[in-house]
Every structure is written in structure tokens, then in C-alpha cells.
1. Look through the stretch 1-56, keep the residues that are out of contact with any strand residue (DSSP E or B) (no Cβ under 8 Å at 6 or more places or on another chain) and of a type in the set (Ser, Thr, Tyr), and return whichever of them is farthest from His132 (Cα to Cα).
2. In the stretch 15-35, what residues are surrounded by 12 or more Cβ atoms within 10 Å (Cβ to Cβ) and in contact (Cβ under 8 Å) with a residue 24 or more places away in the chain?
3. Go through the stretch 72-105 and report how many residues are within 20 Å of Ile144 (Cβ to Cβ) and not β-branched (Val, Ile, Thr).
Amino acid sequence: MIDVFMSYRTADAAYGAAGCYEFFAARFGPDRVFRDCTSVLPGEVYPQAIKKALEETRALVALIGPDWLVAGAEGQRLIDRPEDWVRREIGRGLERGILVVPVLLNEAGALLPSALPEDIRPLAYRQAARVHHRTFGSDVRRLIDQIVELVPELGPSDSTRATPDLPHDVLSSISPQAPPHLVPFERSGARRSIVSSDLPTNLPSTGHKGVCSRQSPAASPDASARGRPRLGGFDPRSELQDRRLACLTRRYEAAMQS
């Protein structure tokens, strides 16, 4: 079932039609929006497909760019030809009495009744919407909502849709959380993660920057008196500490290479 028919001139509004179709199809579903080069299948007889869609659709969107009234190779305006598909599409929509919305793309001027053939002249008296490339998304979404308000059978507008419940603590729900089994390890300016199960459990915490520790013991009060460089309570001159650090470093390097 086709609910929205998109009428446009390829030489005038091909990109505008492609963009509008994506928004309409996302809202209603691709099977409910007709755009000839997308909706007509390969091998299908396109005049019959277009006529069938025109008889089903509830609304017709006429996309009008700056070259909508362009002349053909013979010098005659395409819209003046009775066989012109754009003219036939709009004419059938007006004849059926469905919603027909002229949509002016970018700086396209408003249609004058005197510029249109008699059978589609009522199009000039329909209130037009405007879609600009700078505000394309918001313009098309507003157009869709307005069409839904005029044709309620299409479905609820975005403004009346129920808002999904958000988690109580939104920030914590989207904040990246490190896995509990990973412990940050930093050495030589590079930050890595090591599996906590690889850490020795029988060694006291030293608080050194290069060692993962769960507590940071305070620096010894006599550090400055002895003139020894200290890092968070770690004495690099301590032979026992150096051995522990070397042991941990080998374990960390093996874990990172595995």
C-alpha cells in the first residue's frame, strides 16, 4: 500500500527527491513511499506501476526546484506537454482530491497560476512548504509531521510519539566502564591494562608508579633527611625493592607479549 507519492523532475530535483525519500521511508517504511527509480522494480512496466501507485496514495509531494518549468530540447516547456509525467502525476492527485503539497527546494520561486496548464492550475493555490539544503533534515521532518496532521491515517507525528523512559542515572549508563578484571598499568608514558590474576599476591604493595598497587603508603618522613630520591614511598636504593620490581616487570612484559 502506497501512502506517499513523490513527484519530481529528474533534471530539476533528483538529489532533493533522494534525500526526502530517505526521511519519508525511515518514518513510514520504504513500502509505503513511492519514488519511481526506487519503487519500480527491474523489468516492471513503469507506466502501470506509476498509475497503480497514484491510485493508492493518500498524499502526493510535488518537489519543485528552480528548473521545474524548464523547456525541452524543442523549446517547449515540459509541463506544457500533455504526456509529461510530472503533469500527469499532479493532475491525477488533484483529480482524486487527495493531499497535494508543493515543496519548494532551496530558492525556487512560488508557482503562479498563469504559469501552469489549466488542469494543474489549482496547484498554485496550495500552500507550499520549503526545504533548504542548509536545514534539510529539520525541514523534511517538519514537513512529514505536517502531512501526518493533515492525513491522520498515516500515523502519529513525532511530537505525539511516546518518549522512551530513560535510565535514572543517564550519565553512568553511557560512561565507559573498565572491566573489573583489568588493572591499569603505566610505564614509560604508555598506559596498558594487565589481567589482575597475573599479579603476585604474596608481595607487599610498594606504591611505585610502575607497579599496580591498591594502596599508596605515605613517603618516609626521613626521606629528605637522607637525600634519597623517593617515589610514593618507594626507595630505589633498596635491594629488596629492586628485586621485587624486576620480578614484577618480567611478569608484566610476559603478560603483554602473550
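Computed from the coordinates by the stated procedures, all read-outs in this text should not be read as laboratory data. Because the structure is a prediction, the values reported are computed rather than measured. Cβ coordinates were reconstructed from backbone atoms using ideal geometry, including for glycine residues, and neighbour counts include every protein chain displayed.
1. Tyr46
2. Of everything in the stretch 15-35, those that are surrounded by 12 or more Cβ atoms within 10 Å (Cβ to Cβ) and in contact (Cβ under 8 Å) with a residue 24 or more places away in the chain turn out to be Gly16, Ala17, Gly19, Cys20, Phe23, Phe24, Arg27, Phe28, Arg32, Val33, Phe34, Arg35.
3. 6
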